[in-house]
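Worksheet: the structure to be examined is printed underneath.
The values are calculated or read from the model by the stated rules, or taken from the named source; none is laboratory data. Computed from a predicted structure; not experimentally measured. Here the Cβ is made from the backbone with ideal geometry for all residues, glycine too, and neighbour counts use every protein chain on show. Side chains are part of the model used for accessible areas, which takes the heavy atoms of the whole protein and leaves out ligands, DNA and RNA. Shrake-Rupley method; radii C 1.70, N 1.55, O 1.52, S 1.80 Å.
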Amino acid sequence: MDYNFQQIEKKWQKYWENNKTFKTPDDLTNPKKCYVLDMFPYPSGAGLHVGHPEGYTATDIYSRYKRMKGFNVLHPMGWDAFGLPAEQYAIQTGTHPSITTRNNCDTFRRQIKELGLSYDWDREINTTDPKYFRWTQWIFIQLYNTWFDNTLQKGRPISDLEIPENIKKLGKNEVAKYVDSLRLAYYDNAQVWWCPSCRIVCANEEVLNDGSHEKCGNRVEKKNLRQWMLRIHHYAERLLTGFENLDWPEGIKDMQRNWIGRSTGAEVDFGIQGLDSKLTVFTTRPDTLFGATYMVIAPEHKLTEIITTDACRDEVEKYVKATSLKSDLDRTDLAKDKTGVFTGRYAINPVNNKPIPIWVADYVLTGYGTGAIMAVPAHDTRDFEFAKKFNLPILCIQDPDVTDNDQKKRILEGNECWTEDGKYINSSDTSTGIDINGLNKEAGIKKITDWLEKKNLGKAKVNYKLRDWLFSRQRYWGEPFPVIHWEDGEITLLEEKELPLQLPELEKYLPGESGESPLANADKWLHVTDSKGRKGRRETNTMPQWAGSCWYYLRFIDPGNDEMIFDKVKEKYWMPVDLYIGGAEHAVLHLLYSRFWHKVLFDLGIVSTDEPYQKLFNQGMILAFAYESETGMKIPADQVLERDGKFYHSENGTELRQIVAKMSKSLKNVVNPDDVTSKYGADSLRLYEMFMGPLDVTKPWDDKGVKGVFNFLGRTFRFFANSENIFTGNEDPEILKGLHHLIKKVEGDIENLRFNTGISAMMIFLNLAMKKGKVSYETALTFSKVLAPYAPHLAEEIWQLLGNSRSLTYEPWPAFNEEYLKEDNFEYPVSFNGKTRFSILLPVSATKEEIISAVLADERAVRWLDGKTPSNVIVVPNRIVNVVIKN
RNA sequence: GCCCGGAUGGUGGAAUGGUAGACACGCAGGACUUAAAAUCCUGUGGCCAUAACGGCUGUGGGGGUUCAAGUCCCCCUCCGGGUACCA
C-alpha cells in the first residue's frame, strides 16, 4: 500500500468539515479551558506563504493536544482585512476594496483549510464586516467617554468626572473643553507626511530613507492635520508593570519596556532674563545643575518665538523653517554634526542665579519631556559635542573615578566628557545655599531634588517615551469614526443604536485635494442635519488597521452576538488567551495597543482580566536561499543552476554564492505552501515547518528538507497500514519502553513548544518498530494518537485502518507509565580527568562504592591509571564516573 | 552608537554543567530493477591508524571557574534583528 496523501488528506478534511469536528464546545462547566490564538493574518493578494503555517501549525498541534487532554479548546481564525493594498488596487482599477478583500479571504481560507488546521470556522471573523466593526466603533465611543483618574490609576466613565467649580463658572464651552482635555480619545492637530505631488498623505512605511515618496520619488513634507489621538500615555505605568507575571519571552518584555521608556528625574524651572515666563526642563540628572552652561529648546517649542530677541530673529526663523522641512532621517543623519542657533536670550540657573544662553537646536525633540533641556556638556555626550562645535563653556563638576591621570586631567579641564559616577566639585553656591560637593551621584540627585522641591523650583518627575497614539488615517478602507462635526464647532458621537456606521459607496478612491480622506467626496454620506436643522459633517478620517486587531480575540468568544460586544459569562470563561503565537514584528505596537484597549475595557468592567494574553510566543522568521554573484549582486532564484553542490548563473555561467535572505518577490525565492502540499501533502508541510528547528529562531527554508519528514510519514503509513505488522498480545518490552519514552517526550515537548525534538522522537520510535518488525495492536493505537496533533490526516487514517469509526480528535491522550521506562542497568561512561575513555555496564542499584571498585577493577582503567593512584573518583549516579588523577 | 539575539559536521539542527553531533537532509557504497524512480540495508565531524583494535583532535577566538564547560563568568571577533540624538 502506498502513502496516497492526496486522497487521505482530502478525505479527512471533508470529514472534519462535515462533522464540525472542531466546533468549540458550548459547555462552559468544564473547568479545563484553553484559548489558543494565532495572530490573524492580513489577507494579501499574494496568498499564504510558508511563514504563515509555521505559527498556525504550532497552535494547531497545541490545540489538538489539549483537546485530547480533555480541555475545552477555543481555536479560531479570522481576517485583519482593512489595509492599504486593497485601497491602492481600488484607486488603480476601480474595484471596490470589499471585492478584493473577499477574494483574498477566500484564497486564504482555502489554503488554510488545506493544511488541516483545526479551527472552528463557525467563529470566523473579518474586521471589515460591519457586524464586526460596529463593535470597533462602539469601543471607540467607550474610549471617548472615558477619562483617566491619576489617583486611582484607572480609566473611569466621563459621567463620574467632577467638574471643578471655577471651570463650571466659565460656562458650557469651557466645561466641554475641560472634559475634552481628559477624554482618552481627543481631536487635535498632528503632523503627517504629505506628498505634494500625489496630493496624498503617506504612511511612514511609504516614505523612503531619503525623504522621498516611494511611489513617485518626489519629496514628502510634514503637514498639520486635525487628527484623532488616544491618550495611551496615561497607561504607561500599568502597561509597564502589567506583564511582569505573564509568561512572555523576556526579549519582548524588554522591547516593550524600552518602547515605554520610563525614566526618573526632575522637572526644573529656569527663569528667563527680561521675560516673565519660565522655561521648564526635564532632566534625569538634576545633580548636574551646576554644570549647566547653556540651554537648548526644540525648534517647535512654544516659547521659541517669544524667547528669540529681535537681533537673532532672522537666524532663528530660518533655522526653524529648515528643520520643519527635514525628514526624521535628515535630522538623525546630521546627528554627527550638530546644528543650532543662539536665541539671544539668557536663562537663570536656579542653583546659582547665573545667566546661561538659550539656543535652539533640533537634537532636542518637542515630543519628549518638556521639549527643552539644560545642557551639561561636561557630563552628557550630545551636549559635549554641541558645546565643542559652538565654543560654549564646559564646566566639569564631577571628579571622575578614573585611574588614568591624563584622562582625569582632560575630563577636569573639560576636554573630555564623563558620564559615569564621581564626587562632585564646583557644586555649591553661597547665595542660594545649596552645596553637594563631595557627594556621589545617588546622594547628589536626592539632595538637589529635595532642595528644588522645597524652594518650589522644581519637582521629582517620572517621564515616559511613550507618546499618544495617532489614531486616524486619511483613507477610505478603514473603520469610519462614529463622529459628527457640527457647524457650531460641537463634536458629537453616534448613539450606540446607530451603529454600525458603514462606509459609503464611492466612484473614486482618490483623496481630496487638501489631504482629506476620500470620504470627503461622498457628499450624500458626508452631510447630516439634526432635528433642529443644524448642519454637520461626518468625520472623514478612518481608523488605522490596528483598531480591528486590538480586540479581535474578544469577539472570537462570541462572534455572532448582535445584542452586545460579547456575552459576559462567555468572556469570563474563556479569557485570558492561554497561548498567543505570532511574528516578532508585532512585539511592540500591536501588543501594546491591544493591551491598552484591554486595560480600558477592564477599568470599565467590560472584560474580566487586566491583561489579555497569558502566554505569548513569537515564531522566528522563515528565510529562503538566495544567490549572489562575486560582486554581491543578487540573482533571482529562477536564474540559478545547481551542479555538484555548486551554483551557477544560467545565463553567463559564473559561479554564485548561496546565501540566506528574506523571501522576496525580487529574489524570486518565495516559497508557496500550495507547491509543497501538492508535492508532499499537508502533513509533510506541517511536519517540516516544525522539524526545521526551534519555533522561535529564524531559519532557512530548504525544499530538500521536506523529503525527510515525507519519508517518515510514508514509512509510518506503510508500516501501520500493513496488518501483517500488527499483532494481538503482549508487547515486546523494548518497544514498550520506547513507546512510553515517546509519549513522555512528545507530551513535554508540546507543553514547552519544542516541536522539533518531538518529531525526532517519533522517528526514533518508528525506526525501532521497523527494526523489530511488529508491534501490538495497542501500540499501534497509541502511536496514532501521539502522531495525531502533528500529522492529523495520517493519524486519522491509521486510526481508522485499525478499526475505529470515529475521529480520534477527542480520544484521551495516552498516559505514560514510568514503570516501563525503568532500566536495570546503566552504561556508565568512565572518564579520566574529564576525558571519556570507556563505558561499563552496571546495575542502576549499584552503590557508589560498588561502582568505584567495579570501575577501578576494569582492565581498561588499569591501563589509563598507568600505575598512578586516583586522587578522587566522582560518581554521579546513573550519569557518569570521573576518575581524577593528579600528576 | 545603544538594546536584544546568535555562532556546533557539507546542510537544518540535538545535547537538566556529566559519553558533543540525537533526528533528518546530502553524499558514498550495496540490495531490488532490463533501466530509472520509489523502497530497503550499510557507512558518514576531521586527522592518524589497523586484519581487528585503537589513538589524537574538535562546538567563532582568547582567558577563567569546575572533578567535569557547547552549556557558567570575563574579554574579543563576526553575523542577524530592533531602534534612532529620549535629556
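Below are the figures for this structure:
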read-out: Vicinal HN-Hα couplings computed from phi for the range A:440-447 (Karplus, 6.51 cos²θ - 1.76 cosθ + 1.60; Hz; Gly/Pro x); value: 9, 4, 4, 5, x, 4, 5, 5
read-out: Efficiency of FRET from Cβ geometry, A:LYS177 and A:LYS321, R₀ 25 Å, rounded to 0.05; value: 0.20
read-out: Solvent-accessible area per residue, Å², over the range A:823-884 with all protein chains present [probe radius 1.4 Å]; value: 63
read-out: Accessible-area composition of chain A, carbon plus sulfur, in percent [1.4 Å probe]; value: 49
read-out: Cα convex hull volume per residue for the range A:262-463 (Å³); value: 122
read-out: Backbone HN-Hα couplings from phi across the range A:119-133 [Karplus 6.51/-1.76/1.60, Hz, Gly and Pro as x]; value: 7, 8, 5, 5, 9, 3, 10, 9, 5, 8, 6, x, 5, 8, 6
read-out: Cα→Cβ-extended label distance, 7 Å offset, between A:ASP435 and A:GLU628, nm; value: 6.4
read-out: Calculated on alpha-carbon atoms, Rg and Dmax of the range A:639-743 in Å; value: 19.9, 66
read-out: Signed unit charges on C-beta, dipole axis of chain A, positive-most listed residue A:ALA587, A:ALA861, A:ILE99; value: A:ALA861
read-out: Residue (of A:GLY548, A:LEU395, A:LEU841) at the positive-pole extreme of chain A, dipole from beta-carbon charges; value: A:LEU841
read-out: Percent of beta bridges antiparallel (DSSP, the range A:262-463, rounded to nearest 5); value: 90
read-out: Solvent-accessible surface (1.4 angstrom probe) belonging to A:ASP149, in square angstrom, nearest 10; value: 20
read-out: Chain A, helix-only ellipticity at 222 nm - DSSP H runs n ≥ 4, -39,500 (n - 2.57), divided by all residues, nearest 500; value: -10500 deg cm²/dmol
read-out: Label-zone membership for the range A:574-610, site A:ASN245, 7 angstrom Cα→C-beta point, backbone N under 15 Å; value: A:576, A:609-610
read-out: Sorted largest first, extent of the range A:405-449 alpha carbons per principal axis (Å); value: 33, 22, 14
read-out: Probe 1.4 Å - accessible area at A:VAL316, Å² to nearest ten; value: 10
read-out: Alpha-carbon Rg with Dmax, taken over the range A:771-837, Å; value: 18.7, 60
read-out: Inverse of mean 1/r across different Cα pairs in chain A, Kirkwood, Å; value: 32.9
read-out: Label zone at A:SER871 (point 7 Å along Cα-to-Cβ), backbone N below 16 Å, the range A:817-853; value: A:832-835
read-out: Rounded accessible area of A:CYS550 (nearest 10 Å², 1.4 Å probe); value: 0
read-out: Calculated from backbone phi, Karplus (6.51, -1.76, 1.60) coupling profile of the range A:848-865 in Hz, x at Gly/Pro; value: 4, 4, 5, 5, 4, 5, 5, 5, 5, 7, 5, 5, 5, 5, 4, 4, 6, 6
read-out: Estimated inter-spin distance, A:LYS459 and A:ILE885, nm [label 7 Å along Cα→Cβ]; value: 7.6
read-out: Cα lying deepest toward the dipole's positive end in chain A, options A:VAL320, A:ASN618, A:GLN88, charges on Cβ; value: A:ASN618
read-out: The range A:434-591 - accessible surface per residue (Å², probe 1.4 Å); value: 47
read-out: Anchor A:LYS535: lysines whose Cα lies under 18 Å away (excluding residues fewer than 8 positions away in-chain); value: A:LYS524
read-out: Helix axis angle, A:777-787 relative to chain A longest principal axis, alpha carbon, degrees; value: 20
read-out: Folded to 0 to 90 degrees: helix A:84-93 orientation relative to chain A principal axis, Cα; value: 80
read-out: Rh (Kirkwood; distinct C-alpha pairs) - the range A:63-148, Å; value: 15.6
read-out: Net lengthening on full extension, A:LEU470/A:ASN722 (0.36 nm per residue, minus Cα-Cα); value: 84.4 nm
read-out: Rel. contact order, % - alpha carbon contacts under 8 angstrom, at least six apart, chain A; value: 14
read-out: Net length gained if the chain between A:GLU655 and A:VAL402 were fully extended (0.36 nm per residue, minus Cα distance); value: 85.6 nm
read-out: On Cα atoms only, tilt of A:381-390 relative to the major axis of chain A in degrees; value: 40
read-out: Compactness index (Cα Rg / 2.2 N^0.38 Å), the range A:672-810; value: 1.04
read-out: Chain lengthening between A:LEU161 and A:THR609 when straightened (0.36 nm per residue, less Cα-Cα); value: 158.9 nm
read-out: For the range A:823-884: Kirkwood Rh in Å [reciprocal of mean 1/r, alpha carbons]; value: 11.4
read-out: Long-range HN-HN contacts of A:ARG345 with modeled amide H, under 5 Å; value: A:THR309, A:ILE358
read-out: Point-charge dipole on Cβ atoms (K/R +1, D/E -1) for chain A, about Cα centre, debye to 20; value: 180
